[in-house]
Amino acid sequence: MNQVKRDSVYFLADFHLGVPNKKASLEREKKIVRFLESIKDDAKQIYLLGDIFDLWFEYKYVVPKGYVRLLGKLAELTDNGVKIDFFCGNHDFWQKDYFEKELNIKIHKESSKIIVLDGKRFMIGHGDGLDKSDFKYKFIDFMFKNWASIKFISLCPTNWFMSVGNSWSKKSRKSHKAIDLIDLKEKEPIYVYCKKVLEKEDIDYFVFGHRHIVCDITLNNKARYINVGDWVNDCCYAKWNNEELIVKRFEKE
């Protein structure tokens, strides 16, 4: 039997499973599973760049209901040797150890990380929190992610918090929807961040999500900023094939 040669690396973000309703979320989940099935024979590494769920809070003995198709497919992939890393987004930051223990998926809570693929330097992450001048975001981030808040939430009745959390998550996403879909060009916060990083770091590719806008922007004569968009509207992803990074759209190619 010929051994499967896996040599591609994939970057995906912003599935936002759970919204706007159960039916639409389920159809999106099935589409994502079809995509994962289509790459299982050539993927050696998959980077999930956050907001995979519109709300995920993990209790000691309880995880959110649903998403069994996606979770099962991810487990199948890691069982078959595909490495998967999950960068927590602002909607699914409250991860503990479920993904690592049950699915063998490595969790990252840092805002960005530098990796090296075939000699090329990538800076990757979800994309939230990079703009250090956004004090409103920093305040909200602190309120929800500090240890005291997480401890308090963990002590609340599960049904109560999940109901309140889902309501907050939907309102937050709706309030940002208009600006999320506007391409701010060179005023994009992530774009500005990438330019600042290049003043000190030698990076070939910046790959982020969060902004729900698909883009591939040349920053200088070498570096590129790629945003893989979301799977609510675009169903796009980035693929590294040992030589170049390509942005593609699933089932619309």
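For this structure, a couple of remarks:
- Among the criteria (1) over 24 Å from Gln45 (Cβ atoms); (2) modelled with pLDDT of 65 or more; (3) touching a His at 6+ places or on another chain (Cβ under 9 Å), the one Arg173 does not fulfil is (2).
- Scanning region 196-235 for residues that are among the acidic types (Asp, Glu) and more than 30 Å from Gly18 (Cβ to Cβ), we see that the one that is nearest to the chain's Cα centre (by Cα) is Asp204.
- The residue that is farthest from Tyr10 (Cα to Cα), among those in region 208-231 that are out of contact with any Gly (no Cβ under 8 Å at 6 or more places or on another chain) and crowded, with 20+ Cβ neighbours inside 10 Å, is Ala223.
- So Lys138, is it part of a helix (DSSP H, G or I) and either under 30 Å from Ala223 (Cα atoms) or at pLDDT 90 or above (or both): yes
- Residue check, Glu100 touching a strand residue (DSSP E or B) at 6+ places or on another chain (Cβ under 9 Å) and surrounded by fewer than 16 Cβ atoms within 10 Å (Cβ to Cβ): yes
- Answer residue from region 202-228, given it is in a loop (DSSP other than H, G, I, E, B) and modelled with pLDDT of 95 or more and is nearest to Gly129 (Cα to Cα) among those: Gly209
- Selection of region 48-97 for residues being surrounded by 15 or more Cβ atoms within 10 Å (Cβ to Cβ) and acidic (Asp, Glu) yields Asp51, Asp54, Glu58, Glu76, Asp85, Asp92.
- Of all residues in region 100-130 being aliphatic (A, V, I, L, M) and within 12 Å of the chain's Cα centre (by Cα), the one that is nearest to Ala75 (Cα to Cα): Ile107
- Note on region 12-38: residues that are among the aromatic types (Phe, Trp, Tyr) and modelled with pLDDT under 95 amount to 0.
- Restricting region 232-249 to residues that are at pLDDT 95 or above and of a type in the set (A, V, I, L, M), the residue that is surrounded by the fewest Cβ atoms within 10 Å (Cβ to Cβ): Ile246
The values are calculated or read from the model by the stated rules, or taken from the named source; none is laboratory data. Computed from a predicted structure; not experimentally measured. Counting neighbours? That spans all protein chains shown, and the Cβs are built from the backbone with ideal geometry, glycine included.
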